Amino acid sequence: MDSRTKQAHVYMHLSILLWGITGVLGSSISLREGVLVWWRLLLVSISLGLQILLLKRSFKVTKTQFYKMTAVGVLLMVHWLFFYGAIKYSNVSITLSCFSTTSLFTALIEPIFSYKKLRVSEILFSLLGIVGIVFIFYDGSDYILGIALALMAAFVGSFFNIFNKEIVLELPPDIVSFYEMLTGFVGLTILLPIYLHFFPDSVLLPSTNDWALLAILAFVCTHVALTLSLAALKYLSAFTLNLAVNLEPIYGIALAFILLGENELLGINFYIGSCIVLLSVVAHAWYVSKYEALA
């Protein structure tokens with residue numbers, strides 16, 4: 001392994017660790033999920049926009065590309081609403097355990113859009129993931145809404161991954177991310193009055209502590225993490241990166257245990273269920289790599 005590859009592995013794990021922190025930050029920020037996501041989208045849009053300007057890159061895209069990115073931006077916005085809603089209504093550990101089913105949802109849904117045959121193995125791995133969710137549900141029956149929202153976040157996230165794959169092949173990743181963040185922000189801004197009608201107790205302006213956490217969430221855990229992952233992708237395969245991303249729930253849950261003391265709130269069924277879910281995800285990734293190598 002040469003020095004560039006080693007550095008790429010370091011970048012990869014740093015980016016995944018930063019993504020894992022987002023759950024803890026979301027739990028620590030006092031804002032409701034809708035307002036939190038609104039600020040995150042705004043700050044990241046500004047950050048990416050400034051980067052593109054400083055690098056003197058062109059913002060020009062075709063109408064078709066813009067419409068595609070708008071659709072994906074709305075999916076991203078909905079995905080984050082479900083994700084942070086799940087954290088607010090349960091906790092970080094339960095949310096990340098359920099959220100790790102994203103790759104299984106993707107394996108089931110992607111054949112519909114790519115016209116590929118659904119493999120029996122993907123159904124079996126998904127069923128194994130469902131068994132894990134049942135264990136988590138049994139231990140987290142007080143968090144039914146949070147579990148449901150986390151699964152919805154995983155479901156919507158799978159569509160985001162599928163549709164985003166095509167766009168990233170056409171444009172630089174930072175341009176794609178900028179337009180997706182911006183259109184997601186505009187979409188949520190339009191919906192915000194409706195959201196505030198149903199949640200009138202929502203505070204719009206962050207506190208001093210929230211500002212600090214939002215800055216870390218937007219600039220470090222989103223912008224920097226994205227930059228590191230893209231730098232790693234230059235020297236690592238997409239599969240290597242995707243397989244490593246499965247470590248995000250583990251990093252996030254470990255941080256929730258250390259920083260939030262969530263291990264004191266969870267029973268044995270949560271640990272069994274989480275292990276089953278993570279096993280299904282890692283086993284599926286391993287099986288895909290072996291299958292593709294033989295194909």
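Per-structure values
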quantity	calculated
Most mobile of Ser47, Ser93, Ser15 in a GNM of the chain (Cα contacts under 10 Å)	Ser47
Rg/Rh ratio calculated on Cα atoms of the range 2-116 (Kirkwood radius)	1.02
Helix-only mean residue ellipticity at 222 nm for the chain, each DSSP H run of n ≥ 4 adding -39500 (n - 2.57), per residue, nearest 500	-26500 deg cm²/dmol
Sorted by Cβ density within 10 Å, fewest first, the residues Met181, Met152	Met152, Met181
Estimated FRET transfer efficiency (Gln65, Lys116; beta-carbon r; R0 22 Å; 0.05)	0.35
Cα-based convex hull, the chain, per residue volume (Å³, whole number)	146
Listed residues Tyr195, Tyr11, Tyr251, most fluctuating in the chain (Gaussian network, C-alpha, under 10 Å)	Tyr195
Ranking of Thr222, Thr62, Thr70, Thr101 by count of other Cβ atoms within 10 Å, fewest first	Thr62, Thr70, Thr222, Thr101
Which of Thr189, Thr208 has the fewest Cβ neighbours within 10 Å, and the rest in rising order	Thr208, Thr189
GNM result for the chain, Cα springs below 10 Å: residue of Leu14, Leu217, Leu76 fluctuating most strongly	Leu14
The range 1-77 versus the range 169-190: alpha-carbon centroid distance in Å	9
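Where a number appears in this text, it was derived from the coordinates with a stated rule and is not lab data. None of the values given here were measured: they were computed from a predicted structure. So basically every Cβ, Gly included, is an ideal-geometry build from the backbone, and we count neighbours across all protein chains shown.
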